[in-house]
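Peer 1: First, the structure itself, so that you have it in front of you.
Please treat every number below as a calculation from the coordinates, not as lab data. Keep in mind it's a predicted model, so treat the numbers as computed, not measured. Note that we place each Cβ from the backbone using ideal geometry, even for glycine, and neighbour counts take in every protein chain shown.
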Amino acid sequence: MVRVRKWHIGRWALIAVVLHAACVGPGSSVLVRDDDREMNEAMARARAEVQDFVHRLLSPLPGDTDFDIKVSITEAGNTEHFWVDSVAFKDGKFEGRLANDPEFVRGHRLGEAVSVAAEQISDWMYVHEGRLVGGYTIRVMRDRLSPAERLRFDQGLPFKIE
């Protein structure tokens, strides 16, 4: 599973693409500006389409797996985006567990239970028959890789990105 994490450092946001143990190789980090148009558009698209995700989460089709959302947590002036797995949706909120350790938001930990409103997510994803659905911030980061980096990235994924 790909985990994309974002935190703010002044005018810059650091995005970490962290590969779960199922993927090959270590995670990598890239700096992007807070006003990065493509990344902000990706997050806006995820929010605009979140009801599609909710519908599929509540009524999955055969071949649907790995339902995750990405949320931001702010603490002491730092904002970090975490992937959340073991996702459920009830009473207008997502519930799940933080899927990565924090780098800058120290009051939280891997596996911590979280609950957030649907409009607070910054991305969502699931896998349908081996292909990524959603994952808009992942797609932005992948598109920025060189052809050789993208090939290595893709080879380490347990799903395809089309």
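Peer 1: Please work out the FRET efficiency for the pair residue 95 and residue 160, using the Cβ-Cβ distance as r and a Förster radius of 30 Å; give the result to the nearest 0.05. Display every interim value, and only then the final one.
Peer 2: Values: r = 29 Å, r/R0 = 0.96.
Efficiency computed from Cβ-Cβ geometry: 0.55.
Peer 1: Let me ask another. Lys and Arg at +1, Asp and Glu at -1: add these up for the other residues within a Cβ distance under 15 Å of residue 130 and post the number. Can you show the working numbers first?
Peer 2: Working: positive: 131, 160; negative: 64, 66, 129, 154, 162.
Here the charged neighbours net out to -3.
Peer 1: Any chance you could run the full-extension gain for residue 86 through residue 150? It's 0.36 nm times the residue separation minus the Cα-Cα distance, nm to one decimal.
Peer 2: On the way: separation 64, 0.36 × 64 = 23.04 nm, distance 2.78 nm.
Length gained between residue 86 and residue 150: 20.3 nm.
Peer 1: Spelling out what I want: for every residue of segment 55-62, take phi, set θ = phi - 60°, compute 6.51 cos²θ - 1.76 cosθ + 1.60 (Karplus), and round to whole Hz; glycine and proline get x.
Peer 2: Couplings: 4, 6, 4, 7, 9, x, 8, x Hz.
Peer 1: Mind giving me the FRET efficiency for residue 59 and residue 110? R0 is 45 Å, r the Cβ-Cβ distance, nearest 0.05 is fine.
Peer 2: 0.95
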